[in-house]
Amino acid sequence: MFFHSFIYVAISLFILYRISINVIIYRRKHKVSLGDKGHEDLERRIRAQGNFTEFTPIFLISLIGIEWIGSMKEIPYYLIYTHTLGIIFVLGRLFHIKGMYDGSIFFRRNGMRITFYSLILNGLALIISIFY
């Protein structure tokens, strides 16, 4: 059995790798090993990384759960849901990262909205699929 949701796990790993490297680059640039020492650009990157690690695991666990239950119960269209929400969530996370890096409230706000909607939808989908 092939789990399509692991595509989004892999994409998330690459994103986390990239934003982690970005934190390291800015730490070296400002010669800071702990904290941000008042450098706003470093603080933004640290928080973008932290925010990513706070929201991504629970979303991915829920997406894997939805796909697993969907395949076991042969729920129609579960793969369409898996890919749609996976793509939407990744775009939301990328919007948020861009907003944190650039200071753009538009991208930051909408990235978090997309993230929250994705979490809520996955929560509902899990509950529905359990009782389907």
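Values in this text are rule-based calculations from the coordinates and carry no lab data. Since the model is a prediction, treat every value here as computed from it, not as a measurement. Cβ placement follows ideal geometry from the backbone for every residue including glycine, while neighbour counts extend to all protein chains displayed.
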Checklist line | Choice from L13, L91, L34 with maximal GNM fluctuation in the chain (Cα, 10 Å cutoff) | finding: L34
Item checked: Evaluated at q = 0.17, 0.18, 0.28 Å⁻¹: base-10 log I(q)/I(0), Debye formula over Cα of segment 9-75 -> -0.66, -0.70, -1.13
Check: Could you give the angle, 0 to 90 degrees to the nearest 10, between helix 78-102's Cα long axis and the longest principal axis of the Cα atoms of the chain?
Finding: 10
Notebook entry, point to check: Helix 105-130 sits at what angle to the longest principal axis of the chain, using alpha carbons and giving 0 to 90 degrees rounded to 10?
Noted result: 30
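Taking only DSSP H segments of four or more residues, each worth -39500 (n - 2.57), what value at 222 nm results for the chain once the sum is divided by all its residues, to the nearest 500 deg cm²/dmol? Don't skip to the end; give the middle numbers.
Numbers: 4 runs with 109 residues, N = 132.
Theoretical 222 nm ellipticity from helices: -29500 deg cm²/dmol.
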Checklist line | In sequence order, calculated HN-Hα J values of segment 58-75 (Karplus, 6.51, -1.76, 1.60; Hz; x Gly/Pro) | finding: 5, 5, 5, 4, 5, 5, 4, x, 4, 5, 4, 5, x, 6, 5, 9, 6, 6
Check: Placing +1 at every Lys and Arg Cβ and -1 at every Asp and Glu Cβ, with all other atoms neutral, what dipole size does segment 6-130 have around its Cα centre, in debye to the nearest 20?
Finding: 560
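Once you have the alpha carbon radius of gyration of the chain, what is it after dividing by 2.2 N^0.38 Å, with N set to its residue count? Could the numbers behind the result be given before it?
Values: Rg = 16.8 Å, N = 132, 2.2 N^0.38 = 14.1 Å.
Normalised Rg, Cα atoms only: 1.20.
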Next item on the list: Taking only Cα atoms and a 10 Å spring cutoff, compute GNM fluctuations for the chain and point out the largest among S12, S33, S20.
Entry: S33
